[in-house]
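Laboratory data are not the source of any read-out in this text; all were calculated from the coordinates shown. These numbers come from a predicted model, not from an experiment. Ideal geometry is used to build each Cβ from the backbone, glycine not excepted, and the neighbour counts take in all protein chains shown.
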Amino acid sequence: MSTQKPSQSEEEYIIKQDALVRHKAALEKAKEMAVAEHEAQRKLHHMRCPKCGMALEAVVFRGVTLDKCYHCNGMWLDAGELETLAGHGGDVLSRVAAIFRR
Ligand SMILES: [Zn+2]
């Protein structure tokens, strides 16, 4: 009565199956790491000026929230906000520029 040693082909099959499972797990892990890295970057940069890194301040002008940097005088808009401002017509963009001109 002895433990049967796996044949060469059985051994290869077992290793191959194990490799497939481990490869799938490694891909999942990489995906989780990418999601975590993106979340870390989002937290790090949220409401920070993309040009100089100082904190942005929210200023509501005609119903649109402008993200303003009082350090470098940059101003940032979320998706759709430029269109909303432009939609007010007239000289609204010049007026915003005039408010913060220095
Ligand atoms: Zn700035």
State all residues of the stretch 37-90 that are in contact (Cβ under 8 Å) with a residue 12 or more places away in the chain, of a type outside the set (S, T, N, Q), within 16 Å of Arg101 (Cα to Cα) and within 16 Å of the ligand (Cβ to nearest atom); if no residue qualifies, say none. Leu66, Asp67, Lys68, Cys69, Tyr70, His71, Cys72, Gly74, Met75, Trp76
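Go over the candidates Lys24, Lys31 one by one and state the one that is over 30 Å from Asp78 (Cα atoms) and either surrounded by 10 or more Cβ atoms within 10 Å (Cβ to Cβ) or in contact with a helix residue (DSSP H, G or I) (Cβ under 8 Å, 6 or more places away or on another chain) (or both). Even if it seems obvious, please write down each step before you answer.
On the way: Lys31 fails: over 30 Å from Asp78 (Cα atoms).
Going through Lys24, Lys31 in turn, the sole match is Lys24.
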What's the number of the condition Ser9 fails, among (1) more than 16 Å from the ligand (Cβ to nearest atom); (2) outside any loop (DSSP other than H, G, I, E, B); (3) surrounded by fewer than 10 Cβ atoms within 10 Å (Cβ to Cβ); (4) within 24 Å of the chain's Cα centre (by Cα)? (4)
